[in-house]
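Quick notes on the structure that follows.
The values are calculated or read from the model by the stated rules, or taken from the named source; none is laboratory data. Worth saying up front: this structure is predicted, and the values here are computed from it rather than measured. Reconstructed Cβ throughout: ideal geometry from the backbone, glycine too, with neighbour counts over all protein chains shown.
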Amino acid sequence: MIGRGLFYPGAIALGIALAPPAAAQAPAAAPQPTHDPSFWTVQGENDSVSLGTKAVTDKYYTSGLRIGWTSPVRLVPETMKGLATTLWGQGETRLSVDLTHQIYTPSATQRRNPPLGDRPYAGVLMAHFGLLQDGKTQTGYDIRSALVLGLGVVGPAGGGENIQNSFHELLGQRPARGWATQLRNEPLVQVTSERTWRIPIGSLGPIEADWLPSLTASVGNLRAYLQSGVMVRIGGNLKADYGPTRLRPGVTGGDHYASPAPLAWYLFAAADGRAVAHDVTLDGNTWATSRSVRKEPLVGEFSAGLGLIFHGVRLTYVHRFQTQEFRNQRAGLHQTGSLALTVRF
């Protein structure tokens with residue numbers, strides 16, 4: 001199917017993205033951390049870890065890479081701290097920067113001219129600049145808020161063909177042959193607001209349990225969506241973080257974490273739902289004719305995995321099962337694995 005598409009959520013979604021509510025924040029300022037590190041993260045996501053399949057091939061969302069940095073509190077300018085206080089009330093403020101790359105392909109990667117009903121080829125390269133805050137609600141629950149600006153490009157300038165086929169050549173695999181049909185070059189602008197609550201369930205000796213409900217709103221010509229979800233964790237020293245980090249549009253707990261003890265760990269299960277008004281990787285280019293598919297407006301995700309923090313180093317793994325994103329998508333739930341390593345300095 002050939003077409004273009006762009007539809008933004010209304011003023012309500014934009015209001016959520018730009019100004020998450022501050023009324024629920026406690027008026028007292030959060031104490032400054034005694035140890036104030038920065039955090040570096042490297043992360044990879046790939047569909048090659050699919051379970052229950054005899055042959056794994058690239059298709060749909062097939063690969064994601066990210067490198068990120070989160071600042072110490074002491075390096076945040078007073079103007080940015082003031083903005084965070086205006087948006088969310090008092091709390092501990094940080095800045096973040098990351099570079100991400102994501103690859104999307106049809107299932108028929110060995111055809112030079114894939115079927116029109118199959119997902120278009122697309123490489124997406126984005127830089128994200130985030131304002132982050134950890135605070136508390138008036139009832140004493142921990143809360144993490146984020147406002148993120150994304151700038152990037154989709155199309156040949158995104159480098160999807162070179163990265164995918166160079167990696168295939170390195171592994172001795174066949175190249176994907178249909179990149180000539182990929183989306184055209186288009187600059188991307190994205191604004192995303194996220195909020196996650198950390199609510200204890202209880203404990204039995206050193207074993208704790210909590211749940212982390214979350215809300216996300218995002219607008220831009222990359223994607224426009226509203227998302228909500230919940231994660232349940234069991235482990236030790238759960239206050240160290242807000243769950244594993246993910247590449248968006250996946251629900252992410254963020255890169256920075258505390259280290260109240262030499263060891264923190266957890267197992268988790270999560271579910272979330274996303275209402276999608278626009279996705280350039282499905283709807284096609286905004287200002288040019290390109291390939292496109294008929295997207296599903298509602299997408300669900302189910303995930304499970306683990307997190308481990310040992311002497312300041314965090315390792316997390318997420319295995320995700322996602323419902324169909326477009327009408328002709330095949331092979332049931334689409335699976336990806338996400339592995340992230342974060343080191344603090």
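What to note about this one:
- Residue in the stretch 85-102 that is hydroxyl-bearing (Ser, Thr, Tyr), under 15 Å from the mean Cα position of the chain (by Cα) and under 20 Å from Ala340 (Cα atoms) present: yes
- Number of positions in the stretch 225-252 that are of a type in the set (S, T, N, Q), farther than 20 Å from Glu325 by Cα and crowded, with 19+ Cβ neighbours inside 10 Å: 1
- Unmet criterion (only one of (1) at pLDDT below 60; (2) in a loop (DSSP other than H, G, I, E, B); (3) hydrophobic (A, V, I, L, M, F, W, C); (4) surrounded by 14 or more Cβ atoms within 10 Å (Cβ to Cβ)) for Phe7: (4)
- Candidates are the residues of the stretch 253-285 that are polar (S, T, N, Q) and modelled with pLDDT of 95 or more; the one that is surrounded by the fewest Cβ atoms within 10 Å (Cβ to Cβ) is Asn285.
- The condition (being among the small types (Gly, Ala, Ser) and within 19 Å of His319 (Cβ to Cβ)) is satisfied by just one residue among Gly205, Gly229: Gly229.
- Restricting the first member to the stretch 74-91 and to residues that are more than 20 Å from Thr137 (Cβ to Cβ), and the second to residues that are assigned to a loop (DSSP other than H, G, I, E, B), the beta-carbon pairs closer than 8 Å and six or more apart or on different chains are Arg74/Asp36; Leu75/Ser38.
- Some residue of the stretch 59-72 being surrounded by fewer than 18 Cβ atoms within 10 Å (Cβ to Cβ), more than 26 Å from Val154 (Cα to Cα) and modelled with pLDDT of 95 or more: yes
- For Gly332, the criteria (1) within 16 Å of Tyr60 (Cβ to Cβ); (2) in contact with a Lys or Arg (Cβ under 8 Å, 6 or more places away or on another chain) hold in every case but one, which is (2).
- For the stretch 29-41, the condition of being touching an Asp or Glu at 6+ places or on another chain (Cβ under 6 Å), part of a strand (DSSP E or B) and either modelled with pLDDT of 95 or more or under 29 Å from Arg327 (Cα atoms) (or both) holds for at least one residue.
- Evaluation of Arg119 against the conditions (1) more than 21 Å from the chain's Cα centre (by Cα); (2) outside any strand (DSSP E or B) shows that the sole unmet condition is (1).
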